[in-house]
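Before any comments, here is the structure.
The values are calculated or read from the model by the stated rules, or taken from the named source; none is laboratory data. All values derive from a computational prediction rather than experimental measurement. FYI the Cβ positions are ideal-geometry reconstructions off the backbone, even for glycines, and counts take in every protein chain you see. For accessibility, only protein heavy atoms count, side chains too; no ligands or nucleic acids. Shrake-Rupley method; radii C 1.70, N 1.55, O 1.52, S 1.80 Å.
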Amino acid sequence: MHTVSGGEVAGILVAVFWAILVSFLAVALARLAQTLRATTKLVADVTDQAVPLLADASAAVRSAQTQINRVDSIASDVEEVTSNASALSTTVASTFGGPLVKVAAFGYGVRRALGRKDDVPVKAPAPTVIVGRTASRRTKRDLRRKKD
């Protein structure tokens, strides 16, 4: 029978250790390869879905820009119309305002000259409230004096 020396036992142990180490590395590399395949597939799927989404987003941005340009054009037109309306209002007020005031004053003067005082109503004073009591009696008394 053949006896095994200490160096051969050590060599066998090292060989077994290396075999176990290589097995673990092979399993790790197999799992890493599987992970890389899944990652590659995921990236490909995301790319396939992202490209149409980016195209749609680009079209939406272009459409929004077109709408913003239209709104800007409309806003400038509204600003122009507003300034024209303001100028027209000022022109109408200066053209007709003065003469209308003069006509109204003339009409008032004619009514006063003709002696028609019934056009101007006489207002009775409102009752005055003093803290804790009303002064309505005093007001009625003042009204009687004015009638006499």
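Only residues that are under 29 Å from the mean Cα position of the chain (by Cα) and open to solvent by less than 70 Å² (accessible area, probe 1.4 Å): list them for region 44-82, please. Spell out the reasoning first.
Let us first name the residues in region 44-82 that are under 29 Å from the mean Cα position of the chain (by Cα), namely 53-82.
A55, A57, S58, A59, A60, S63, A64, T66, S73, A75, S76, listed by residue number.
Assigned to a helix (DSSP H, G or I), in contact with an Asp or Glu (Cβ under 9 Å, 6 or more places away or on another chain) and of a type outside the set (F, W, Y): is that true of R70 in this structure?
So R70 does not fit the description; no.
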task = Check region 108-116 and report whether any residue there is at pLDDT below 65 and out of contact with any Leu (no Cβ under 6 Å at 6 or more places or on another chain).
result = yes
ask   = Do you know which residues across region 83-105 are open to solvent by 80 Å² or more (accessible area, probe 1.4 Å) and at pLDDT 85 or above?
value = N84, L88, T90
